[in-house]
């Protein structure tokens with residue numbers, strides 16, 4: 001579905017980015033990094049280090065207090081409001097709190113990115129059931145989120161993030177509610193997407209995953225970025 | 001959830017904040033259809049009055065003095081002279097004196113049917129048909145009649161009619177103002193309902209935005225819902241009004257037939273205009289909801 005970014009240049013670039021909420025202290029300070037197209041990174045750091053805030057800057061839920069965030073070559077501060085939906089459609093996000101719509105079925109939740117992109121029902125019926133089968137939720141295709149367990153919701157959130165084959169996949173603690181086997185299965189899904197050209201950034205505490213998958217790390221500590229580390 | 005063939009990702013169908021909309025729009029469409037129908041009927045009456053009198057005028061000739069026979073003969077001579085002048089006047093198609101029976105019939109509502117009328121020195125009336133749009137110069141005609149026929153005067157009905165038409169037009173203008181005010185009130189109601197709905201569903205809207213939904217994608221869902229609810233209310237309001245409009249037409253046809261007001265029934269095009277009101281209310285609600293969502297989202301992140 002999504003346009004593939006040419007395998008050169010940076011999908012995300014932060015230049016001296018700082019973020020503070022209202023008049024509070026800076027949550028992020030002088031962040032400089034770039035995610036090359038087709039790369040796979042982990043984002044690590046203790047709770048409260050600013051991982052989720054950094055992801056919010058990338059998926060355009062937040063504007064930086066200072067500095068410049070560039071997404072797909074576009075300075076996000078200069079982007080006009082009408083340009084934002086097209087940029088956001090190129091980004092798949094697994095939110096830490098899932099952000100599923102409780103009144104929609106599993107199928108309809110996962111189909112949302114396709115529908116907002118203008119896909120027809122034939123396309124939805126072609127891709128969504130297959131993906132739900134892959135993440136082990138084929139029996140819950142018509143279930144609504146309140147009836148699902150935490151792990152099942154997480155898999156729905158992941159399916160929704162990847163269904164439109166985004167150019168950039170951001171995942172905030174995507175394996176926090178699933179056991180190790182399912183966690184590895186989901187990470188393999190991310191790797192498969194990465195091999196197809198999707199740039200991936202996964203924020204996680206899971207040291208087991210980090211050590212097994214051997215991708216470079218961006219480490220946040222007290223709002224400052226250390227890394228990337230191999 | 002599907003509304004009018006389009007899916008809704010927002011849980012608007014079970015939204016308590018907009019359920020009241022049909023019950024507010026129903027009386028609005030009811031009042032609007034009354035005002036619109038009243039305006040159409042009133043304009044129809046004005047048109048009929050205007051047509052009826054624009055092609056006619058009346059010449060009145062005072063009865064000549066003297067005993068009954070002498071008065072009648074002299075008055076008849078004056079009438080013949082006046083008719084000759086009228087017939088020679090450009091723009092006059094026909095001039096015809098009203099007979100004694102016709103005069104008696106005109107006075108009967110006030111004086112009753114009595115032979116006394118035949119003995120009273122009644123003025124003679126000449127009914128004149130003039131060419132619509134190319135009528136005679138009334139001032140010149142009046143001067144000629146005044147000079148040639150003593151006691152002759154012209155009544156072209158326009159003085160009293162213009163006052164009546166002015167009053168009718170003011171009432172019609174008031175009805176149009178009522179329609180405009182109702183449309184404004186409908187829009188304000190939809191704006192309130194839409195803003196409330198947006199506040200209630202703020203989290204869902206945020207998720208849709210983050211997934212890449214455009215403002216219009218979200219606005220369309222609110223607009224479809226507003227259309228559906230307003231159409232329901234509008235149809236209800238119209239159904240309530242049909243017996244009233246039908247009854248008015250029946251009353252006009254059977255009770256006032258031939259009277260001054262004439263036919264009070266709504267013409268065919270008027271029925272179409274009234275029937276279109278629920279759809280017009282629905283389109284107004286849809287447009288208002290859509291613009292409201294766009295304006296509200298533009299103020300959000």
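Each value in this text was obtained by applying a stated rule to the coordinates, not by laboratory testing. Remember, predicted model here, so these are calculated numbers, not experimental data. Ideal geometry is used to build each Cβ from the backbone, glycine not excepted, and the neighbour counts take in all protein chains shown.
Rounded to the nearest 500, the 222 nm mean residue ellipticity of chain A from helices alone is -10000 deg cm²/dmol, with -39,500 (n - 2.57) taken per DSSP H run of at least 4 residues.
Placing pseudo-labels 7 Å out from each Cα toward the beta carbon at residue B:153 and residue A:195 gives an inter-label distance of 10.9 nm. Peptide A:58-64 is shielded by partner chain Cβ atoms: per residue, an average of 2 of them sit within 10 Å of its Cβ. With Cα atoms as the point set, the radius of gyration and Dmax of region A:10-229 evaluate to 17.0, 49 Å. Sorted ascending by nearby beta carbons within 10 Å, beginning with the fewest, B:160, B:271 become B:160, B:271. Take the Cα of residue B:102, step 7 Å toward its Cβ, do the same at residue A:102, and the gap between the two points is 8.4 nm.
Put in line by how crowded their Cβ is, counting other Cβ atoms within 10 Å and starting with the fewest, B:292, A:199 read B:292, A:199.
Shielding of peptide B:212-220 by partners, expressed as the average count of other chain Cβ atoms within 10 Å per residue Cβ, is 5. Label zone of residue B:272 (point 7 Å out along Cα→Cβ, amide N under 17 Å): in region B:30-45 this covers B:37, B:40-41, B:44. Taking the fewest neighbouring Cβ atoms within 10 Å as the starting point, the ordered list for B:250, A:127, B:222 is B:250, A:127, B:222. Taking every residue in A:98-105 and counting other chain Cβ atoms within 10 Å of its Cβ, the average works out to 5. The C-alpha atoms of chain A define a longest principal axis, and helix A:150-162 lies at about 80 degrees to it. A simple spin-label model places the labels of residue A:122 and residue B:180 5.1 nm from each other, with each point 7 Å out along Cα-to-Cβ. Each Cα pair under 8 Å and six or more residues apart adds its sequence gap; the mean of these over the residue count of chain A is a relative contact order of 30 percent. The angle between the Cα long axis of helix A:121-134 and the main principal axis of chain A comes to about 80°, on a 0 to 90 degree scale. Its Cα gyration tensor gives the protein assembly as shown an equivalent ellipsoid; the semi-axes, largest first and in whole Å, are 87, 23, 17.
Considering only beta bridges that DSSP places wholly inside chain A, some 55 percent are antiparallel. Note on region A:161-195 and region A:20-60: Cα centroid distance 19 Å, given to the nearest whole angstrom.
Against chain B, whose longest principal axis is taken from its Cα atoms, helix B:268-298 shows a tilt of about 40°. Working ranking of peptides B:162-173, A:169-180, B:51-62, B:24-35 by packing, defined as the average number of other Cβ atoms within 10 Å per residue, highest first, is B:24-35, A:169-180, B:51-62, B:162-173.
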